[in-house]
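Okay, structure first, notes after.
Each reported figure results from applying straightforward, stated rules to the coordinates on display, with no laboratory input. None of these values were measured; they are calculated from a predicted model. Methodologically, a virtual Cβ is constructed for each residue, glycine included, from the backbone with ideal geometry; neighbour enumeration extends over all protein chains shown.
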Amino acid sequence: MTEREEDITGKIARLEARMGLGLRISAEVRAYWEALRAGRLVPDRADVNPRGIDRALEYSFVLERVAPGIGRFRLAGTHLCDVLGMEVRGMPLTAFFVTSSRPQITEATESLFRDPAIIEATLVSEPFQGLPAFSARLLVLPLRSDLGDINRALGCLVAEGDVRRTPTRFEVTTLNMIRVVPPGEAESLPERAELRHSPHVSSADPPRGLAEEQAPFHPASKPDSPETRRASFRVVSSDD
């Protein structure tokens with residue numbers, strides 16, 4: 001193998017390693033959320049213990065619904081602050097997106113809290129002084145507040161590129177909504193639907209969930225009784 005071929009191989013390996021980071025972090029946060037459900041429709045905000053996702057903590061955040069379609073950061077890891085180049089606590093989720101993608105995120109956020117649903121999105125950074133674009137992955141999962149309303153969310157955002165060019169904002173390339181249903185009904189109801197996808201997606205990496213547009217979902221049954229609740233992590237009470 002020539003020196004040039006070795007250099008190209010090394011660059012490809014580093015790129016693959018970065019591309020895998022978003023998937024690994026998203027999988028860890030999703031698995032933690034599923035464990036906290038413990039037979040319920042969604043977990044409680046008070047169930048979330050940062051130590052349960054310590055390896056994903058710098059990429060993670062907690063949102064609060066403050067208006068229809070608007071989720072505001074109550075807590076955010078250092079990676080999100082690095083991406084935007086500022087403290088993001090108190091800012092809306094749409095602050096990470098270019099103007100053209102904000103309506104998609106607003107619509108998805110409202111569905112997240114209303115239906116409820118899970119947001120899975122792949123993103124691409126906006127052009128910046130001739131530098132190459134890079135990708136990011138977003139996952140947002142609904143939570144129930146202490147008052148019983150689904151108006152909190154646990155999520156993660158992983159930018160897989162050079163975040164020194166700040167502020168970095170993203171365009172949505174694929175945006176999938178996964179309807180949340182009680183665990184016993186998961187086999188009988190369609191789960192995934194895509195809101196939209198961008199022409200930036202290549203044929204080599206087709207978007208997942210190419211289903212018809214999702215209709216609003218209303219749970220058909222009540223969550224399990226408190227006696228059935230059992231989280232896999234220590235429960236703590238938090239005021240955010």
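Run through region 55-127 and list the GluC sites (Glu not before Pro) located in a DSSP loop whose Cβ has at most 12 other Cβ atoms within 10 Å.
Numbers: sites: E58, E64, E87, E107, E110, E120; in loops: E87.
In loop regions of region 55-127 (DSSP not H, G, I, E or B), the sparsely surrounded GluC sites (Glu not before Pro) are E87.
Putting +1 on Lys and Arg Cβ atoms and -1 on Asp and Glu Cβ atoms, find which of V158, A76, G20 reaches farthest to the positive end of the dipole of region 7-179.
A76
Ranked from highest to lowest mean number of other Cβ atoms within 10 Å per residue, what is the order of the peptides 68-78, 38-48, 171-181?
Numbers: 68-78: 18.3, 38-48: 19.9, 171-181: 21.5.
The densest-packed peptide leads the list: 171-181, 38-48, 68-78.
Where a ≥ b ≥ c are the square roots of the eigenvalues of the C-alpha gyration tensor, would you call region 7-179 rounded, which needs a/c under 1.5, or, failing that, prolate if a/b is larger than b/c, or oblate? Mind showing how you got there, number by number?
Working: a/c = 1.90, a/b = 1.47, b/c = 1.29.
The shape class here is prolate.
Treating the beta-carbon of each Lys and Arg as +1 and of each Asp and Glu as -1, no other charges, what is the dipole magnitude of region 129-187 about its Cα centre, to the nearest 20 debye? Please list the in-between numbers first.
Working: 7 positive and 7 negative charges, 58 e Å.
Roughly 280 debye for region 129-187.
If you stretched the chain out fully between T166 and E126, how much longer would it get, using 0.36 nm times the residue separation minus the C-alpha to C-alpha distance?
On the way: separation 40, 0.36 × 40 = 14.40 nm, distance 1.11 nm.
The T166-E126 span can extend by a further 13.3 nm.
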